[in-house]
Amino acid sequence: MSEPLLRVSQLVKNFPVKGGVLRRTVDEVHAVDHISFEIGAGETLGLVGESGCGKSTTGRCILRLIEPTAGEIWFEGRNVVEFDHGELSALRRDMQIIFQDPYASLNPRMTVGAIIGEALTIHGLAKDRHGYEARVVELLETVGLNADHMRRYPHEFSGGQRQRIGIARALAVSPKLIVCDEPVSALDVSIQAQVINLLEDLQEQLSLTYLFIAHDLSVVEHISTRVAVMYLGRIVELAPARALYDAPLHPYTEALLSAVPIPDPTIKRLRIRLEGDVPNPIHPPTGCHFHTRCPIRELPLCSAQRPELREVRPRHWVACHLRS
C-alpha cells in the first residue's frame, strides 16, 4: 500500500469555556475527540454528521487555521502540527479550503480578479502583470465563468457564481488537497448539483484530493470514494461510499440514511426517529456518546465502555459494541 496523502491520528480539539469576572477557563467544549482517518491521493473522503459534531473543526485543524489540542496530522509524510510559520506558509500551496458561505467568504471591496489573484502574488506565482491576468482568466474559465468577470465585484454575482469564484481562488496555487467545508449547503438544490459536478470534473482534470464536509448524506453520495460519519466529536463509521449506503452498520448512520428522501414514490423506507437531543459537548455522555439516543443500546455496556473504531468487514469500520 502506498503512503496516504493525508493521515490524521488521534486528533483532539477542545475549546475553552470562559466564565466569571476574570474570564477564567471554567470548562471545555470537546469538539473533536481522538479521531483518526486517512485520505489517499486522488480520492474523496466525505465527512458527514449533524451541525456541531466537529466536522468543520476537523478541517480547520488539518489546515492549521486553528491549532489542534493534541494528535498528529501527517501530510506527505510530514507532521503538519510541528510546522513553524515559514513551513506553514509553504504548506498553503498544497492545502486549500473552499468555505461554506459564498457571501461571507469573498471580500466585497476587492474585484474578482484581485480575490483570485491574491494567492498568485503572495506565493510569487506570476512573473509579470500579463502572466497574472492570463492565469486569473484561465482559472475563471476553468470554473465556468467569463474573462470579463475579473473586473466585477462579488455582489454582482449569484450564490452559485460566488462559490465558483471561491473554487477558482482555491485552485490558484495548484493545491494537492482541498478541504470542501460544506461548499453547497448555502446554495439552491439545482445549483448544488452543478457545483458538485464541477468539483468532480476538476478532480479528474487536476488529480485533486478532497475532504468533503457535509451534514447531508445525500450530498456526498456520488462524489465520495469513502464516507466517515461523525457524532459528537467522534467517527462512528467509516466505509467505502457504496458499502455504507447499501449496508450501514452503526445505528446513527441508519437513522441518518432513513431521513434521506427517495424520489421513487413506490419505495417506502422505514423512518428511524431518534429520541432526545444531541448531548452537550461540554459534558458528553460516558462510554459511547450515542448511547443516550441509541435504539439498540445495552446498558451498562454502552454507557460504561467507549467503543473502538474497528474493521468488521473489509475496509468497513464501525464504533459499536453491538455490531459485527
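The values are calculated or read from the model by the stated rules, or taken from the named source; none is laboratory data. If you're wondering where the values come from, they're calculated on a predicted model, not measured in any experiment. Note that we place each Cβ from the backbone using ideal geometry, even for glycine, and neighbour counts take in every protein chain shown.
Miscellaneous remarks
- Total residues in the stretch 100-116, condition modelled with pLDDT under 95 and either outside any loop (DSSP other than H, G, I, E, B) or touching a Ser or Thr at 6+ places or on another chain (Cβ under 7 Å) (or both): 1
- Residue that is surrounded by 17 or more Cβ atoms within 10 Å (Cβ to Cβ), under 20 Å from L171 (Cβ atoms) and either in the same structural domain as P314 (by TED's automatic domain parsing) or in contact with a Lys or Arg (Cβ under 9 Å, 6 or more places away or on another chain) (or both), where the choices are P251, P183: P183
- Residues that are outside any loop (DSSP other than H, G, I, E, B), under 17 Å from the mean Cα position of the chain (by Cα) and of a type in the set (A, V, I, L, M), drawn from the stretch 172-197: L177, I178, V179, V195, I196
- Residue satisfying all of: in the stretch 117-137; in a loop (DSSP other than H, G, I, E, B) and surrounded by fewer than 16 Cβ atoms within 10 Å (Cβ to Cβ); modelled with the lowest pLDDT among these: K127
- Any hit, the stretch 222-240, residues being over 27 Å from A193 (Cα atoms) and not in a loop (DSSP other than H, G, I, E, B): yes
- Residue check, L145 at pLDDT below 95 and not in a helix (DSSP H, G or I): no
- Flag if G54 is surrounded by 12 or more Cβ atoms within 10 Å (Cβ to Cβ), assigned by TED's automatic domain parsing to the domain that holds F290 and touching a residue at least 40 places away in the same chain (Cβ under 8 Å): yes
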